[in-house]
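The values are calculated or read from the model by the stated rules, or taken from the named source; none is laboratory data. Since the model is a prediction, treat every value here as computed from it, not as a measurement. Cβ placement follows ideal geometry from the backbone for every residue including glycine, while neighbour counts extend to all protein chains displayed. Surface accessibility is based on the protein's heavy atoms, side chains included, excluding ligands, DNA and RNA. Shrake-Rupley method; radii C 1.70, N 1.55, O 1.52, S 1.80 Å.
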Amino acid sequence: MSKRQQGQPGDETLMKSIFSRRDFVRSGGLVAAALAASKDVFATAAGRPAGEEGSAIRLGVASYTFRNFSRAQMIGFLKQLNVLALNAKDVKDHLPMDASEEAAALADYAAAGIKLHAAGTVYFPKDEDADIHSKFEYCKRAGIGVIVAGDPAPETLPRIEKFVKEYDIRFAIHNHGPEDKIWHSPLDVLKAVKGMDPRMGCCIDVGHTVRAGTDVVQAIHEVGARVFNVHIKDLTNFEKKDSQVAVGQGIMPVKKIFEALGAIKYKGFVDLEYEIHADDPMPGVIESFAYMRGVLAGMG
């Protein structure tokens with residue numbers, strides 16, 4: 001047993017607990033309770049939901065969470081959650097690359113009071129000005145200040161850096177864990193961008209980071225000012241991708257992650273990327289936000 005898993009319940013006991021809780025959530029009990037308590041948990045206070053006011057940590061959603069749902073449906077979910085911060089992806093009709101379709105999406109978000117702070121994951125497969133230019137124009141039209149980038153080849157980074165300087169948009173390479181050919185960990189990103197423009201940095205995916213065998217809290221401290229976005233999720237086993245659960249159900253050190261982000265004076269968003277139960281994500285999403293807001297309230 002690894003040190004990080006010592007003191008944790010056995011797999012069988014833990015999974016029984018998780019599934020029993022999931023069954024309760026899906027039955028509607030926890031959802032109803034969470035929504036009934038909206039004045040306390042999801043209410044807006046001083047413009048921020050309870051548990052977040054006064055905190056340097058800002059919570060958002062990665063639209064990939066709702067990849068099986070339309071933009072209109074997702075907007076409804078965000079309103080239900082009282083989350084107005086979105087990391088939008090070109091999936092379904094969330095934030096299309098086509099300029100006219102993108103404009104329609106932006107109008108819908110503005111009408112709903114939803115603000116886009118990042119786009120991604122956006123892929124950069126070509127070391128060509130035209131392709132890179134189109135992605136930066138896409139983000140500029142949306143008024144987005146952070147590109148969450150997937151799998152750019154290291155040799156393309158100097159060309160990308162040129163556009164980062166031109167557009168003044170931060171470029172956050174998303175680490176994808178042990179399966180990724182290049183960007184396993186935020187530390188791999190740091191090695192590649194160290195010495196480049198300070199707007200070249202990292203989107204730390206905490207789940208992929210721990211699966212790469214990297215201490216996520218230490219990684220946050222090491223990457224420091226080059227952390228531009230965070231994708232948060234939870235796992236019951238740091239070696240198994242398919243052990244993802246709602247935040248708070250697993251062994252992810254959420255409070256220590258928030259503390260580390262506070263220590264580096266992180267100014268970005270912590271975006272929930274809930275990758276399981278794609279056809280019915282809201283029970284787990286509601287539970288994740290309730291837990292994270294509770295942690296933030298306790299830290300306050």
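Before moving on, here are some points about what is shown:
- Residues satisfying the stated conditions in segment 146-158, i.e. surrounded by fewer than 17 Cβ atoms within 10 Å (Cβ to Cβ) and farther than 14 Å from residue 176 by Cα: 154, 155, 158
- Qualifying residue in segment 289-300 (condition: open to solvent by 10 Å² or more (accessible area, probe 1.4 Å) and among the hydroxyl-bearing types (Ser, Thr, Tyr)): yes
- Unmet requirement for residue 275, which otherwise passes all of (1) open to solvent by 20 Å² or more (accessible area, probe 1.4 Å); (2) among the charged types (D, E, K, R); (3) more than 23 Å from residue 79 (Cβ to Cβ); (4) within 15 Å of the chain's Cα centre (by Cα): (3)
- Check on residue 181, closer than 17 Å to residue 223 by Cβ and surrounded by fewer than 13 Cβ atoms within 10 Å (Cβ to Cβ): no
- Failed condition for residue 213, given (1) open to solvent by 40 Å² or more (accessible area, probe 1.4 Å); (2) under 19 Å from residue 240 (Cα atoms); (3) in contact with a helix residue (DSSP H, G or I) (Cβ under 6 Å, 6 or more places away or on another chain); (4) not aliphatic (A, V, I, L, M): (3)
- Members of segment 195-210 found to be in contact (Cβ under 8 Å) with a residue 24 or more places away in the chain and either open to solvent by 40 Å² or more (accessible area, probe 1.4 Å) or among the hydroxyl-bearing types (Ser, Thr, Tyr) (or both), listed by number: 198, 199, 209
- Wholly within segment 118-232, helices (runs of 4 or more DSSP H) carrying at least 2 residues that are farther than 19 Å from residue 274 by Cα: 129-141, 157-167, 186-193, 216-223
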